[in-house]
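**Student:** The following block contains the structure, expressed as C-alpha cells.
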Amino acid sequence: MEVTDLISIKTFCTHYDVPDTFIDALQEYELIEIVVSDNVNYIKTTQINEVEKMIRLHFELNINLEGLDAVYNLLQRLESLQDEVRTLNNKLRLYEDL
Amino acid sequence: MAFIDYYKTLGISKTASDKDIKKAYRKLARKYHPDLNPNDKDAEKKFKAINEANEVLSNPENRKKFDAYGEHWQNAEAFEQAKQQQQQQRAYQGQAGNYSEKDFEDIFGNMFGGQASGRGGREVRFRGQDFNAELQLALKEVYQPHKRTLTVNNKNIRITIPAGVENGQTIKIKGHGGKGVNGGPNGDLYIQFSIQNHSKFKRDKDNLYTTVELDLYTAMLGGDMMVDTFNGKVKLTIKPETQNGLKVKLKGKGFPKYKKEGQFGDLYITYQLKTPTHLTEKEKELFTQLQKLR
C-alpha cells in the first residue's frame, strides 16, 4: 500500500483532537483497520469519513464503544436498504413508463 | 419568522433544571443526529432545531433572556436600553404613553433589519451544518464524466460527476457545507442527482432496454438491420423465423458502470413485429397461397 493512502494515527489524533486510545479502542472492536509500517501506526485515508463519524457519535452523543459497534452495523444495513429502495424505485419507474 | 418555543422543541417544561435540559437534548440528539439518519432531511431539520434550542437554554444568561423576552431574546439588551430611553423620555415630557411590545418590535426591526443577530457565548466547537442540493441532469449527460461548476455560498465549486451516476444517488463534497463554529470543521455538501430520461432507452442501473420494430419479411427470412444504441448505431443480424417479443442482448452496449472506467452494462433489445398493412390484391393472393401451404 502506498504511504499516500495512509495517515499516521498521531497526525490524525492531533488534527481531530482525540486521544490515541480512542483509535486503539476502535481497532479492538474491529471497527477500523490499523496498518503498521516502519513501526508507525496508520489508518487508511479511505476510512477517515467513517472514523470522523465515530468520533462525532462518541464525543457528541456520548455513545460508548459497544453502542458504536451496534450503531455502525445498523447504519451499514440502513444504507444498504436505502440503496436497495433507490434501485427498486428506479426499476418501478422503468415498468411504470412501459 | 414564526416564534420557536425552545422548551417545546426539547420537550421540557419552563422549570426544567440544567440537568433536565442536557438529558432531553442528548436523548433527542441521539434520535435525530444526521450520522444516525443518513439522507433523512426531516431528521436533519429537527436536529438543527434541537441544537438551536440547546444552545439557548443550556446557557443560563441566554435562557434568562429567552424566558423574559421570548422570540426577541436576542435583542434583550437593546430592548432594555430602548425601554430605559423611552421611560426617560416619558419622564422628561411628562407623558404617560402606553407602549406595547409591538412598538419595541418595530424599533428593533428597524435597528436590526429584521435579521437575527449573532449569538455569542458558545464554548464548544461545532461542526458546520451540512448543505443539501439537488442537481438535475439529462441521462445523456451522465453517460460520460460530467464537469459542472456549482455556486455554494458565493463560492464556485468545480465538480466532476462520474459517468453512470443513478437517479436519486447522493454524492458528498467534503468541507463545502456551512462553516464550523469556534474552529470546528466545516460541514459537507450533499448533492442528490435527479436524472431525467428523455431518450427511447429505459435504464435499470447499468443496463439499457429498448424496443425495435421488425418488418415481417426480415423476421421470417432473416437479414441485417441498423439499430440505435445509446452512443451510435450498430448492425444487427436477425435470425430467420424471429418471433415477436424476442429479446436479444448486446453485451457492453449499455450504460457505463458507476466508478468502473471502461466497463459498461448491456443493451437489451425487444423485437416488435410490424405486419404490413394496405395489402395489394397481389399480396393478398400470395399470402393466401402461403396460408394454403401451411
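The values are calculated or read from the model by the stated rules, or taken from the named source; none is laboratory data. Small disclaimer: the values here were computed from a predicted structure and weren't measured. Glycine also receives a Cβ, built like all others from the backbone with ideal geometry; neighbour counts cover every protein chain displayed.
**Student:** Only one residue in A:V40, A:V85, A:V18, A:V36 is β-branched (V, I, T) and at the interface with another protein chain (Cβ under 10 Å from one of its Cβ atoms), so which one is that?
**Tutor:** Step by step, each of A:V40, A:V85, A:V18, A:V36 is checked, and only A:V85 is β-branched (V, I, T) and at the interface with another protein chain (Cβ under 10 Å from one of its Cβ atoms).
**Student:** Quick check on my filter: what residues within the range B:195-214 are more than 11 Å from chain A (Cβ to nearest Cβ) and in a strand (DSSP E or B)?
**Tutor:** Within the range B:195-214, B:Q196, B:T210, B:V212, B:E213, B:L214 qualify.
**Student:** Among the strands (runs of 3 or more DSSP E) contained in the range B:85-172, which hold 2 or more residues that are modelled with pLDDT under 85?
**Tutor:** Answer list for the range B:85-172: B:131-138, B:146-152.
**Student:** Tell me yes or no: at least one residue of the range A:66-81 is at the interface with chain B (Cβ under 10 Å from one of its Cβ atoms), polar (S, T, N, Q) and surrounded by fewer than 17 Cβ atoms within 10 Å (Cβ to Cβ).
**Tutor:** Checked the range A:66-81: no residue is at the interface with chain B (Cβ under 10 Å from one of its Cβ atoms), polar (S, T, N, Q) and surrounded by fewer than 17 Cβ atoms within 10 Å (Cβ to Cβ).
**Student:** Kindly indicate whether B:N51 is in a helix (DSSP H, G or I), modelled with pLDDT of 80 or more and within 14 Å of another protein chain (Cβ to nearest Cβ).
**Tutor:** yes
**Student:** Same structure, new question: Could you pull out the residue among A:L57, A:L94, A:L68 that is of a type in the set (A, V, I, L, M, F, W, C), assigned to a helix (DSSP H, G or I) and at pLDDT below 90?
**Tutor:** So the residue among A:L57, A:L94, A:L68 that is of a type in the set (A, V, I, L, M, F, W, C), assigned to a helix (DSSP H, G or I) and at pLDDT below 90 is A:L94.
**Student:** Within the range B:5-46, restricting attention to residues that are among the aromatic types (F, W, Y) and more than 11 Å from chain A (Cβ to nearest Cβ), which residue is farthest from the chain's Cα centre (by Cα)?
**Tutor:** Of everything passing the filter in the range B:5-46, B:Y7 is farthest from the chain's Cα centre (by Cα).
**Student:** Go through the range B:149-192 and count every residue that is touching a helix residue (DSSP H, G or I) at 6+ places or on another chain (Cβ under 9 Å) and surrounded by fewer than 14 Cβ atoms within 10 Å (Cβ to Cβ).
**Tutor:** 2
**Student:** I'd like the full set of residues that are surrounded by 11 or more Cβ atoms within 10 Å (Cβ to Cβ) and outside any helix (DSSP H, G or I), limited to the range B:15-32.
**Tutor:** Once the filter is applied, which keeps residues that are surrounded by 11 or more Cβ atoms within 10 Å (Cβ to Cβ) and outside any helix (DSSP H, G or I), the range B:15-32 yields only B:A16.
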